[in-house]
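Laboratory data are not the source of any read-out in this text; all were calculated from the coordinates shown. Note that the structure is predicted; figures quoted are calculated from it, not measured. Glycine also receives a Cβ, built like all others from the backbone with ideal geometry; neighbour counts cover every protein chain displayed.
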């Protein structure tokens, strides 16, 4: 079992490592040698046998005594050959018996130990098979993990290559953009300096203008505190005088307007009178100079004109009366009291109420209606 990991690693197909362009491009940066499994190999513990017992020990004496006792057992006993055991032989027999008893106990202990060791050995063998199966499963899992890890590493390496290209592109673009931004910054800095100079100039001009305005304000404040109250009093007095003058002038103006209106009315009446007199004289003069037939014709024209005006007024009154009559006729036509059929035959024309928007509609139409007899 010492070479089990090396044999399992030897079954890996390493041809794909040589065919992979990505692994070739990386060279020796990625080591895929998985054959060294010595550090995980299970090693057997060296068995050290106990040293041999020294000569003349108790166990050897027991074995030898037991063997000699077995060999001499056939000639002993009180009923055989009439040999009477001596005290020494009795002691030896008692000693032998105790030794046999100890030997039996030791044998039992040794058998118990043997059974225990067998049971332990069986458990160790069972555990060995379980560990072997687990190791096989772990080996398969390790192989799968190695394959997945290798695929994952390949993907990571490909991503690294892509990212490395992307980083190179980003660095190049960053350099170009940095140069562009630096140029724009220089241009902006120059423009800002020029603009700042013009603004400083404007600030100086505004400071001068503000100083002038402050001086004017100082003058105005002095004027307000010293001269303005006196002039304000003078202005108030003058406004009061102007108001009084307006009142007095308004009274004079009203009197003057009344006089003007009276005179204008008088002059208008005289003008109208003169115009009428002049028109009358001119008309009488013109009529006196006209032929009598023309006079009659003019008189008839005046009469006809007056009649036309009267006829127009009569016509308008008649039109108004006609409209009133038409309205009344329409009302009478809609009135049920003027309907002769409804008044003469009310049973044939029953009254029905009209539906209004706020009423509920009930569809109760009679299917048959008997004639009244």
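Observations on the model:
- For the pair residue 110 and residue 192 in one chain, pulling the backbone fully straight at 0.36 nm per residue adds 18.8 nm over the alpha carbon distance.
- Distance between the stretch 305-348 and the stretch 235-270 - C-alpha centres, whole angstrom: 62
- Distance between the C-alpha centres of the stretch 191-227 and the stretch 138-177: 69 Å, rounded to the whole angstrom.
- Here the label points at residue 268 and residue 343, each 7 Å from Cα along the C-beta direction, are separated by 6.2 nm in the simple model.
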